[in-house]
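The structure appears below as structure tokens.
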Amino acid sequence: MKELPFAITLEVGSSLANRTGSWRVERPVYVDRLPPCNDACPAGENIQQWLYLAEDGSYEAAWRRIMAENPLPAVMGRACFHPCETACNRAQVDEAVGINELERFLGDRALAEGWAVAAPEPASGSRVLVVGSGPGGLSAAYHLRLLGHDVVVAESSPEPGGMMRYGIPTYRLPRHIVHGEIRRIQALGVTIECGRRVDDLDAAMEDGHFDAAFLAIGAQRSKHIDIPAGDSARMVSALDLLHRAQEPDRPSIGRRVVVYGGGDTAMDAARTARRLGAADAVVVYRRTRDRMPAHEEELRDAVEEGVRLKWLSTIVGDEDGSLTIERMALDDHGFPQPTGEFETLEADALVLAVGQAADLTLVRSLPEIAVHGEVIEVGPDMMTARPGVFAGGDVVAGARTLTDAVGHGKKAARAIDAWLRGEAPASGARHALAGFDRLNTWYYADAPQAQRPRLDAARRASTFDEVVAGLDESTALFEARRCLSCGNCFQCDNCFGVCPDNAVLKVEEGHGYSFDYDFCKGCGLCVQECPCGAIEMVPEEI
Amino acid sequence: MAPVRFYQVGSFAVGNRLVDRSERTVQSDAGRSNSLTSGHRACQGCGEALGARYALDAAMRATGGRLVAVNATGCLEVFSTPYPETSWQIAWLHSLFANAPAVATGVAAALRVKGRSDIRVVSQAGDGGAVDIGFGCLSGMFERNDDVLFICYDNEAYMNTGVQRSGATPPAARTATTEAVGPHPGNVFGQGKNLPEIAMAHRIPYVATATVADLHDLEDKVSRAMAVHGSRYLHILVPCPLGWGSASSDTVRVARLATQTGLFPVFEAERGRVVRVTPIRRLAPVEDYLRIQGRFRHLFDPEGAVAQPGVVAALQSMADATIARYGLLAGAEAEPRQGTGTGTEAAS
Ligand SMILES: Cc1ncc(C[n+]2csc(CCOP(=O)(O)OP(=O)(O)O)c2C)c(N)n1
Ligand code: SF4
Ligand SMILES: [Mg+2]
């Protein structure tokens with residue numbers, strides 16, 4: 001034994017011999033929670049993860065993360081109504097993270113730099129027919145192609161893109177953006193056959209030796225309503241107007257234009273009418289502003305551009321360019337009821353924006369496919385009653401947005417792939433939601449949203465140029481860094497720092513942490529001080 | 001592109017993958033010295049264990065590891081060194097309850113004699129050891145301007161012997177010697193000592209306060225203190241879950257509320273003059289602070305309503321007076337600190 005100093009009986013020992021982990025009745029564990037943005041994204045993007053990548057300037061990696069779910073970031077960054085931002089927890093701190101503008105920044109950069117998509121899987125030998133080249137059809141085609149299948153897209157119009165090409169005005173979505181993102185899908189080997197209308201699906205599938213089909217034919221038919229004595233020459237459907245405004249020689253529409261309806265299409269039609277020279281564009285809608293289906297931003301932009309709105313009004317007659325309007329009142333159930341009060345409104349043109357329906361000729365020849373109301377019935381895997389025939393986008397029930405269609409396309413592609421292999425579609429379990437109450441917001445610096453520059457309202461009414469500009473790089477970086485990383489560790493080192501027992505270990509710099517349960521006393525400080533709620537206490541089994 | 005100085009968690013979290021390693025806290029470094037290592041016998045969620053590691057690791061970095069710590073009797077000494085074990089991974093010395101400043105003076109003198117003035121000395125004690133029993137030695141050390149950084153870990157009572165009142169115990173708090181009984185339950189108003197201000201009155205080069213709720217601030221202050229020679233005093237508020245009756249997971253939260261209510265001012269002073277304050281970022285009423293501590297439970301009835309409105313109001317006016325005295329709200333609307341910079345400069 002070693003010689004010890006005078007009056008010392010024991011050698012110096014370390015407290016590491018004292019395993020304080022035995023005091024613990026609860027243990028901390030790291031968890032991953034579902035951030036509200038991801039939860040709300042109809043296209044199922046992992047938004048938080050691509051924001052994380054963008055935060056240190058890894059734009060290409062961030063873009064690739066988007067592309068894993070959605071092949072149209074530059075389109076989405078303009079035309080998506082971003083339910084992610086509505087759900088964003090940061091809205092409760094100051095303002096939501098500008099996810100949409102960042103998606104556009106990444107999408108635009110990818111187009112400018114010519115980033116290419118990863119190569120598809122080896123050929124599977126299966127062929128899939130996609131009917132319709134709108135966002136749903138293209139999304140399905142893209143994912144199916146990546147999975148190794150041969151894909152042909154049949155498009156009845158002269159150009160691909162569906163509503164992106166013919167429905168959304170260019171001042172919201174410039175055409176070169178649409179073309180750029182479609183070209184990238186084609187470059188993967190997806191064949192798009194324009195001007196090809198499919199009326200007999202069986203025949204089309206047999207002729208082309210297709211093993212499965214995805215119907216994404218959209219809702220391209222404008223609904224009509226009868227207005228007594230209406231002069232059909234002055235009446236035009238909103239879709240027609242939007243379509244014709246894309247043509248090189250744009251139609252003239254008259255000085256006074258009335259748009260009937262309250263959705264986004266009505267707003268687009270009124271804003272388009274202004275750009276086509278209408279001095280006065282009035283939207284007539286049956287209910288009140290808060291019941292209007294149009295998105296807040298669309299409405300705001302329309303008002304800024306001089307569009308007038310007439311709430312609680314219906315059009316009941318049309319006599320020589322003079323519309324008869326009846327005032328409405330909401331009943332106890334919020335339904336508009338006639339009041340018997342009338343007024344007149346002069347109009348050179350009446351644009352009907354009262355809804356759209358699908359042209360279902362195609363499925364009439366397939367009796368087993370159930371049509372419910374105006375939509376095709378599909379199962380949770382997007383398959384119709386006919387095995388191997390799937391449908392999605394506006395032609396099935398659900399929210400009719402671009403982004404929902406992209407989500408349907410992806411989901412259908414994965415289900416088709418599984419079906420072709422004779423497997424059941426994989427259903428990933430969802431994590432519990434990362435609610436605001438789980439955040440420790442102290443650690444987030446206050447920083448309001450960076451604003452995208454917008455075109456002057458005065459100039460807008462005369463041009464189809466894009467209204468909203470993109471972010472520059474420093475604002476994009478700032479915006480990405482505003483993400484709170486709800487529910488998922490972002491390597492802030494708080495747990496590593498605040499443990500009084502040094503019981504949090506770094507696994508590998510930048511790759512998370514682990515607990516040293518030999519010494520963790522279970523105080524719960526790390527859980528409490530984790531900014532993003534990525535740690536949880538669970539009872540110790542004793 | 002102009003560099004973007006905003007990083008998701010601003011400057012408030014321990015680490016930050018987006019800033020250069022040299023700008024991150026000492027605590028975020030996997031190679032930190034862990035001056036106080038695992039296996040110590042402090043209670044779950046001990047603020048003193050946390051504060052001591054924060055402060056000493058920062059001092060170790062500032063001195064390149066050439067550091068000696070002299071410890072007074074108290075929890076920090078008892079829970080770290082049950083014979084023959086030690087949790088200290090630095091040169092460490094314990095003598096008595098009252099004499100830590102004097103022992104530190106001696107160590108500094110001995111090092112000077114040996115020509116090793118590169119080795120720096122820290123002396124540390126609890127509030128009982130600093131404010132009360134060791135006060136004479138400490139005042140002498142200040143008066144002689146000995147080259148020692150003295151750190152007081154203030155948990156507002158004599159915790160190691162079972163929560164007896166000290167000169168740093170706040171009014172109305174229940175301790176074993178100021179029980180929550182009678183017409184004026186808990187500690188009395190109008191007594192007690194403000195040691196940071198007493199230290200300032202000695203006109204020593206540097207006096208500062210800090211808490212375990214703001215690591216960046218605490219580390220900045222330790223580094224600044226180590227850059228100065230002569231007597232320096234650092235007063236760190238370290239909540240005690242056992243003595244305060246707070247949840248072990250609330251240690252940092254309670255300390256944060258102490259600062260955000262204005263009850264505990266965070267500032268720096270040089271030669272007796274306040275030169276910097278850390279402004280309140282999210283002002284909170286004192287009630288928020290009192291409610292989560294068992295030592296103030298008698299101020300509320302079992303349903304949670306205020307049972308002693310006069311006492312709560314008196315504590316609130318103490319906080320208001322402190323806010324006014326130090327100007328803690330001035331600049332509260334100002335920009336958050338960027339990167340790992342310093343606190344807001346006071347107007348004075
Ligand atoms: C001269 C002397 N008196 C009393 C004690 C008993 N004693 C040991 S620790 C302690 C309390 C220490 O309180 P404080 O300095 O506030 O440190 P804390 O334990 O609260 O961290 C007391 C009274 C002692 N060790 N020596
Ligand atoms: S802070 Fe440390 S001791 Fe407390 S629960 Fe977390 S790991 Fe365990
Ligand atoms: Mg004490």
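The values are calculated or read from the model by the stated rules, or taken from the named source; none is laboratory data. Everything numeric here is computed off the predicted structure, so don't read it as measured data. Here Cβ is always computed from backbone atoms with ideal geometry, including for glycine, and neighbour counts include all displayed protein chains. Areas reflect the complete protein model, heavy atoms only, side chains present, ligands, DNA and RNA absent. Shrake-Rupley method; radii C 1.70, N 1.55, O 1.52, S 1.80 Å.
Only one residue in A:Gly137, A:Gly148 is surrounded by fewer than 24 Cβ atoms within 10 Å (Cβ to Cβ) and modelled with pLDDT of 95 or more, so which one is that? Just one listed residue meets the conditions, A:Gly148. Taken over the stretch B:60-93, the residue count meeting the criterion of being within 16 Å of ligand 3 (Cβ to nearest atom) and either farther than 18 Å from B:Asn155 by Cβ or of a type in the set (D, E, K, R) (or both) is 1. With respect to the conditions (1) more than 12 Å from the chain's Cα centre (by Cα); (2) open to solvent by 10 Å² or more (accessible area, probe 1.4 Å); (3) more than 11 Å from chain A (Cβ to nearest Cβ), B:Phe264 lacks only one, and its number is (1). Here A:Arg300, A:Arg291, A:Arg287, A:Arg271 are screened, and the one residue that is open to solvent by less than 40 Å² (accessible area, probe 1.4 Å) and under 28 Å from the mean Cα position of the chain (by Cα) is A:Arg271. In the stretch A:99-112, which residue that is open to solvent by 40 Å² or more (accessible area, probe 1.4 Å) and touching a residue at least 40 places away in the same chain (Cβ under 8 Å) is nearest to A:Ala204 (Cα to Cα)? So, considering only residues that are open to solvent by 40 Å² or more (accessible area, probe 1.4 Å) and touching a residue at least 40 places away in the same chain (Cβ under 8 Å), the one nearest to A:Ala204 (Cα to Cα) is A:Leu111. Only one entry of A:Arg234, A:Arg250 meets the criterion of being of a type in the set (Lys, Arg) and open to solvent by 70 Å² or more (accessible area, probe 1.4 Å), and that entry is A:Arg250. For A:Glu341, the stated conditions do not hold, so it cannot be described as among the charged types (D, E, K, R) and surrounded by 14 or more Cβ atoms within 10 Å (Cβ to Cβ).
For A:Ala278, the test of being crowded, with 19+ Cβ neighbours inside 10 Å, assigned by TED's automatic domain parsing to the domain that holds A:Ile253 and part of a loop (DSSP other than H, G, I, E, B) is passed. Entry remark, the stretch A:167-204: residues being surrounded by fewer than 20 Cβ atoms within 10 Å (Cβ to Cβ), outside any loop (DSSP other than H, G, I, E, B) and not hydrophobic (A, V, I, L, M, F, W, C) number 9 in total. With the checklist (1) crowded, with 24+ Cβ neighbours inside 10 Å; (2) within 13 Å of ligand 2 (Cβ to nearest atom) in hand, flag the one item B:Gly39 doesn't pass. For B:Gly39, the failing item is (1).
A:Val527 meets the conditions (1) more than 35 Å from the chain's Cα centre (by Cα); (2) within 7 Å of another protein chain (Cβ to nearest Cβ) in every case but one. The failed one is (1). Of all the listed residues (B:Asp57, B:Asp29), the sole one being open to solvent by 40 Å² or more (accessible area, probe 1.4 Å) and not small (Gly, Ala, Ser) is B:Asp29.
From the list A:Phe490, A:Phe519, A:Phe496, pick out the single residue that is aromatic (Phe, Trp, Tyr) and touching an Asp or Glu at 6+ places or on another chain (Cβ under 8 Å). Just one listed residue meets the conditions, A:Phe519.
Scanning the stretch B:122-137 for residues that are more than 14 Å from ligand 3 (Cβ to nearest atom) and either within 21 Å of B:Gly243 (Cβ to Cβ) or in contact with a strand residue (DSSP E or B) (Cβ under 6 Å, 6 or more places away or on another chain) (or both) yields a count of 2.
Only residues that are of a type in the set (Ser, Thr, Tyr) and in a strand (DSSP E or B) were counted in the stretch B:210-236, giving 2. Pairing each residue of the stretch A:495-508 that is more than 7 Å from chain B (Cβ to nearest Cβ) and over 10 Å from A:Cys520 (Cβ atoms) with any residue that is part of a loop (DSSP other than H, G, I, E, B) and modelled with pLDDT of 95 or more, provided the two are 6+ apart or on different chains, yields C-beta distances under 7 Å for A:Cys495/A:Cys530; A:Leu505/A:Asp516. A:Arg127 - would you say it is under 23 Å from A:Ile369 (Cβ atoms), at pLDDT 95 or above and open to solvent by 60 Å² or more (accessible area, probe 1.4 Å)? Taking the combined requirement at face value, the residue satisfies it.
Checking the conditions here, which among A:Pro448, A:Pro531 is in contact (Cβ under 8 Å) with a residue 12 or more places away in the chain, surrounded by fewer than 17 Cβ atoms within 10 Å (Cβ to Cβ) and away from ligand 3 (no atom under 16 Å from the Cβ)? That would be A:Pro448, the only listed residue that is in contact (Cβ under 8 Å) with a residue 12 or more places away in the chain, surrounded by fewer than 17 Cβ atoms within 10 Å (Cβ to Cβ) and away from ligand 3 (no atom under 16 Å from the Cβ). Within the stretch A:5-18, does at least one residue satisfy the condition of being over 26 Å from A:Met163 (Cβ atoms), open to solvent by 20 Å² or more (accessible area, probe 1.4 Å) and away from chain B (no Cβ under 13 Å)? Yes, there is a match, as at least one residue in the stretch A:5-18 is over 26 Å from A:Met163 (Cβ atoms), open to solvent by 20 Å² or more (accessible area, probe 1.4 Å) and away from chain B (no Cβ under 13 Å).
When the residues of the stretch B:112-140 are narrowed to those that are part of a loop (DSSP other than H, G, I, E, B) and more than 16 Å from ligand 1 (Cβ to nearest atom), which ends up surrounded by the most Cβ atoms within 10 Å (Cβ to Cβ)? Among them, the one singled out is B:Ile119. The set of residues from the stretch A:338-363 being modelled with pLDDT of 90 or more and closer than 28 Å to A:Ala397 by Cα comprises A:Val351, A:Leu352, A:Ala353.
For A:Glu368, state whether it is touching a residue at least 12 places away in the same chain (Cβ under 8 Å), within 30 Å of A:Arg127 (Cβ to Cβ) and either surrounded by fewer than 16 Cβ atoms within 10 Å (Cβ to Cβ) or of a type in the set (Val, Ile, Thr) (or both). So A:Glu368 fits the description; yes.
Screening A:Met537 on (1) within 16 Å of ligand 1 (Cβ to nearest atom); (2) open to solvent by 30 Å² or more (accessible area, probe 1.4 Å) shows it passes everything except condition (1). Say whether the condition of being closer than 25 Å to A:Thr344 by Cβ and open to solvent by 60 Å² or more (accessible area, probe 1.4 Å) is met by at least one residue in the stretch A:205-214. Scanning the stretch A:205-214, I find no residue that is closer than 25 Å to A:Thr344 by Cβ and open to solvent by 60 Å² or more (accessible area, probe 1.4 Å), so the answer is no. Residues in the stretch A:476-509 that are open to solvent by 40 Å² or more (accessible area, probe 1.4 Å) and more than 10 Å from ligand 2 (Cβ to nearest atom): A:Phe478, A:Cys489, A:Val507, A:Glu508, A:Glu509.
Do we have any residue at all in the stretch B:47-70 that's without any contact (Cβ under 8 Å) to a residue 12 or more places away in the chain, within 12 Å of another protein chain (Cβ to nearest Cβ) and at negative phi? There is no residue in the stretch B:47-70 that is without any contact (Cβ under 8 Å) to a residue 12 or more places away in the chain, within 12 Å of another protein chain (Cβ to nearest Cβ) and at negative phi.
Could you say whether any residue in the stretch B:72-95 is at the interface with another protein chain (Cβ under 8 Å from one of its Cβ atoms), touching a Cys at 6+ places or on another chain (Cβ under 7 Å) and either open to solvent by less than 10 Å² (accessible area, probe 1.4 Å) or in contact (Cβ under 8 Å) with a residue 12 or more places away in the chain (or both)? The answer is no; no qualifying residue exists. Checking each residue in the stretch A:103-122 for being at pLDDT 95 or above and hydrophobic (A, V, I, L, M, F, W, C) picks out A:Phe105, A:Leu106, A:Ala110, A:Leu111, A:Ala112, A:Trp115.
Checked against (1) within 28 Å of A:Asp264 (Cα to Cα); (2) modelled with pLDDT under 95, A:Glu55 meets all criteria but (1).
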